[in-house]
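Report on the structure given below.
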Ligand SMILES: Cc1cc2nc3c(=O)[nH]c(=O)nc-3n(C[C@H](O)[C@H](O)[C@H](O)COP(=O)(O)OP(=O)(O)OC[C@H]3O[C@@H](n4cnc5c(N)ncnc54)[C@H](O)[C@@H]3O)c2cc1C
């Protein structure tokens, strides 16, 4: 029997980046806010101290900070005609677990997406007409434009101490910054990081080829910094143990030391760790959430009543919770109706591996998660993608996030995977190998979606979420075309050997690609094609709001957390200034 | 482990002592040793396991000496395979010299080996390569059963167990397993091989605190300086230059 607990005003399901932002922003209301986090507590000290934090095996290979798939996972297949099978071990993406979520072990590349990304359909149709959109592609707009989101981007960048250089200040283009970005009201809070040899060579080559290079926006602080909330950041050590690791210096912005301590100042805030939310409970009408059912570390069940529920359990977790709870109509790919599970997308990436001569030292082990130089000349909206034969684009760059040797030892194609020749090639190339990569966009399609698996269950007995996904023709073209651009830049950088590559086609759940799962509960203006309105409020159940990358109708050629963070601030404002004053639907369907 | 004889005496042994661990293909010989009943002389032709003698009094022993998971036959197989995958040469140490057998032993004898962080609920089906690992075997079982399979394959095709083959023939046997050309009794060759190779590389390039990468030799070989990594003042100094700092591991700070 579940134990009935005392009600709270606001309940957050999952305590990572977005849960932390919302708890902090609503702290001033003094309302009773409860965060339920399925994982354990952790902090920089003692959890991320040197030298133990630099443990590649524990963190990068055995995934110590990430979701334990022996307990909860999903099933996967490339297409509806196949039988989905469980993702038995982590691979393609690495959802976080524990306080701070994936915000603890991300890289910190903190983008503003291009204005096109928020109006993908509108701008595509305006420029090329309806018929450019292929059959089966669900191209959609967010229902909120770039200018509306700008102030929220600004708040997130300042919270994170992003190091970078503006390329468009109030409409004025600035060389050395990203001249393709939407107009920003203010400069980045910190100057760019120091570039490595790779960055220096990339920048020069990109300029030679007529492109517009700029330093990647990095939530790795280039200098000691105090954010607007008074939170102190250390200077980045360039340790090269960033992605998949906690940060010993509090230089990589993470919710656990930025927004969460501020949220905890609200005397009515409470965090319960090892509290895994099974589902959101609805009243008999199905239109109102009454709270959640959760399970503690001992397996005891609790009913936690709440007036308002925010799903902040990562993109995939949020969609699964909606399906388990019966919130919103599940998507049916046959009729293209229903909204929960619709428009799941990923990252269609490619690139080139570069091998330099023995006089060029890359020193890939020196790096920071978001250290690199980029060009946005090929991102959607910034060039004529229709001429290239697809919709979308990608951000191209050379980054140095760390050459950790279990996982990063490039050798030229054709080298055996083991034996003497392999060993010699490994030793010879490690100091001289680099890469240029394209982070490609991924449009959404009828045939790529999330629903519940009929066969497999998690340890709690809930059906696993089922992912049906592949890279379709549009994405395959994009990956190939932009891999060629990466290779051309690599040649211009002077590499003696350049090898173009794309993500595996068909898409494979096995090799790591990125933890940029998007869609499944998208925001929009039409309840027939979006689960959420423009405030990320569930159309059908107005006292449930949803955060995270699941709200994006399609995925951009950029990492997601910039707009994910900005939208969390946007949602918090909508709650504070509108919803809490007058609870109910903020947009009429 | 060596093929037919081995199987015969294993079966015989199981009749006497019972079948614990049989499914995992445990060698009878070492089990007998562990239980303090050494096999009678001559009973195990081709095996050369003497009664264990304790290390000389006062000699410094480390927690990394000895094996907790592999039996002696498996140890010799693993070392032979490791030195085929990572052969010793002047570039750097071979896989066994670097301690990869100890690394694998500790990993397989611990939580990883038992399938920690592996979803193990059925039903099990083969699936497509894109769907990833789908066997009902935790890594310890996969590796152990596969070792017996590969050794039996070597015996059937080359008349010797892997450890008794010359380097070229060993490489040929392992290549046949890697490419799925070897008929193995239980495990799919490429799946076993990829797991074995992954463990080899983890041991070779991982922090020495896990038992492999002895003396940080693999890191020195490629020029990876290890930890704790503090390069804020070195990014510019060593831009496009060989790094000259010391190589350090987590173990060095223990
Ligand atoms: C290795 C890696 C590198 C990355 N690098 C970048 C990058 O450079 N740039 C970028 O933009 N993005 C990056 N990301 C993505 C980034 O981490 C996420 O976009 C971001 O953390 C999402 O915030 P969130 O609040 O939606 O989810 P999270 O921060 O992951 O928080 C979700 C939390 O919810 C908890 N939870 C889930 N289900 C439940 C439940 N049922 N009950 C209770 N709690 C639950 C989880 O345990 C987790 O703590 C990276 C991700 C990974 C894994």
For the subset of region A:48-63 comprising residues that are crowded, with 20+ Cβ neighbours inside 10 Å and over 21 Å from the mean Cα position of the chain (by Cα), which member is farthest from the ligand (Cβ to nearest atom)?
A:51
Inspect region A:569-581 for any residue being over 14 Å from residue A:310 (Cβ atoms) and within 16 Å of the ligand (Cβ to nearest atom) and give the result as yes or no.
no
Just checking: which of the strands (runs of 3 or more DSSP E) contained wholly in region A:301-381 hold 2 or more residues that are farther than 30 Å from residue A:415 by Cβ?
A:301-311, A:342-345
So, in region A:550-561, of the ones that are over 20 Å from residue A:385 (Cα atoms) and more than 6 Å from the ligand (Cβ to nearest atom), which residue ends up surrounded by the most Cβ atoms within 10 Å (Cβ to Cβ)?
A:550
Would you say residue A:318 is closer than 23 Å to residue A:574 by Cβ, surrounded by fewer than 15 Cβ atoms within 10 Å (Cβ to Cβ) and in contact (Cβ under 8 Å) with a residue 60 or more places away in the chain?
no
For residue A:455, the lone unmet condition from (1) within 14 Å of chain B (Cβ to nearest Cβ); (2) part of a strand (DSSP E or B); (3) touching a strand residue (DSSP E or B) at 6+ places or on another chain (Cβ under 6 Å) is (3)
Given the condition surrounded by 21 or more Cβ atoms within 10 Å (Cβ to Cβ), more than 9 Å from chain B (Cβ to nearest Cβ) and in contact with a strand residue (DSSP E or B) (Cβ under 8 Å, 6 or more places away or on another chain), answer yes or no: does some residue in region A:415-433 qualify?
yes
Considering residues of region B:111-124 that are within 11 Å of chain A (Cβ to nearest Cβ) and touching a helix residue (DSSP H, G or I) at 6+ places or on another chain (Cβ under 9 Å) only, the residue farthest from residue B:203 (Cα to Cα):
B:118
When residue A:525 is evaluated against the numbered criteria (1) away from the ligand (no atom under 12 Å from the Cβ); (2) outside any loop (DSSP other than H, G, I, E, B), which criterion, by number, is the only one it fails?
(2)
Do the conditions hold for residue A:37, that is, is it modelled with pLDDT of 95 or more, within 7 Å of chain B (Cβ to nearest Cβ), within 15 Å of the ligand (Cβ to nearest atom) and buried (at least 23 other Cβ atoms within 10 Å of the Cβ)?
no
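Residue by residue through region A:357-372, note down the ones that are within 14 Å of chain B (Cβ to nearest Cβ) and within 15 Å of the ligand (Cβ to nearest atom).
A:367, A:368, A:369, A:371, A:372
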Which residues, taken from region A:280-313, are farther than 23 Å from residue A:564 by Cβ and either within 14 Å of another protein chain (Cβ to nearest Cβ) or near the ligand (Cβ under 10 Å from one of its atoms) (or both)?
A:294, A:295
Do we have residue A:354 as in contact with a strand residue (DSSP E or B) (Cβ under 6 Å, 6 or more places away or on another chain) and within 16 Å of the ligand (Cβ to nearest atom) here?
no
Assess whether residue B:199 counts as being crowded, with 21+ Cβ neighbours inside 10 Å, in contact (Cβ under 8 Å) with a residue 40 or more places away in the chain, more than 8 Å from chain A (Cβ to nearest Cβ) and part of a loop (DSSP other than H, G, I, E, B).
no
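A quick yes/no check of all residues on (1) in contact with a strand residue (DSSP E or B) (Cβ under 8 Å, 6 or more places away or on another chain); (2) buried (at least 23 other Cβ atoms within 10 Å of the Cβ):
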site	(1), (2)
B:94	no, no
B:106	no, no
B:120	no, no
B:123	yes, no
B:133	no, no
B:136	no, no
B:145	no, no
B:162	no, yes
Run residue A:250 past the list (1) over 22 Å from the mean Cα position of the chain (by Cα); (2) part of a loop (DSSP other than H, G, I, E, B) and report the number of the one that doesn't hold.
(1)
Could you tell me whether any residue of region B:202-219 is surrounded by fewer than 19 Cβ atoms within 10 Å (Cβ to Cβ), in contact with a helix residue (DSSP H, G or I) (Cβ under 8 Å, 6 or more places away or on another chain) and within 11 Å of chain A (Cβ to nearest Cβ)?
no
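For every residue, the table says whether it meets (1) more than 14 Å from chain B (Cβ to nearest Cβ); (2) buried (at least 19 other Cβ atoms within 10 Å of the Cβ); (3) within 13 Å of the ligand (Cβ to nearest atom); (4) farther than 30 Å from residue A:571 by Cα.
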position	(1), (2), (3), (4)
A:14	yes, yes, yes, no
A:20	yes, yes, yes, no
A:26	yes, yes, no, no
A:30	yes, no, no, no
A:33	yes, yes, no, no
A:45	yes, no, no, yes
A:68	no, no, yes, no
Tally of residues being surrounded by fewer than 23 Cβ atoms within 10 Å (Cβ to Cβ) and part of a loop (DSSP other than H, G, I, E, B) across region A:105-140:
8
Just give me the residues in region A:85-104 being more than 8 Å from chain B (Cβ to nearest Cβ) and either within 16 Å of residue A:406 (Cβ to Cβ) or assigned to a loop (DSSP other than H, G, I, E, B) (or both), in sequence order.
A:92, A:93, A:94, A:95, A:97, A:98, A:99, A:100, A:104
Exactly one condition in (1) at positive phi; (2) in contact (Cβ under 8 Å) with a residue 24 or more places away in the chain; (3) part of a loop (DSSP other than H, G, I, E, B) is false for residue A:291; which is it?
(3)
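Please verify whether region A:534-549 includes one or more residues that are more than 14 Å from chain B (Cβ to nearest Cβ) and assigned to a helix (DSSP H, G or I).
Yes, there is a match, as at least one residue in region A:534-549 is more than 14 Å from chain B (Cβ to nearest Cβ) and assigned to a helix (DSSP H, G or I).
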Conditions (1) within 15 Å of the ligand (Cβ to nearest atom); (2) part of a loop (DSSP other than H, G, I, E, B) -> residue A:79 fails only (1)
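When region A:201-224 is examined, which residues are found to be in contact (Cβ under 8 Å) with a residue 12 or more places away in the chain, within 14 Å of another protein chain (Cβ to nearest Cβ) and in contact with a strand residue (DSSP E or B) (Cβ under 8 Å, 6 or more places away or on another chain)? Don't jump to the end; show me each part of the working.
Restricting attention to region A:201-224, the residues satisfying the condition of being in contact (Cβ under 8 Å) with a residue 12 or more places away in the chain are A:201-206, A:208-209, A:211-223.
Cutting the leftovers down to within 14 Å of another protein chain (Cβ to nearest Cβ) gives us A:201-204, A:215, A:218, A:220-223.
Of everything in region A:201-224, those that are in contact (Cβ under 8 Å) with a residue 12 or more places away in the chain, within 14 Å of another protein chain (Cβ to nearest Cβ) and in contact with a strand residue (DSSP E or B) (Cβ under 8 Å, 6 or more places away or on another chain) turn out to be A:201, A:202, A:203, A:215, A:218, A:220, A:221, A:222, A:223.
The values are calculated or read from the model by the stated rules, or taken from the named source; none is laboratory data. Since the structure is predicted, the reported quantities are computational estimates derived from the model, not experimental observations. Quick reminder, even Gly has a Cβ in these numbers, built from the backbone with ideal geometry, and neighbours come from all protein chains shown.
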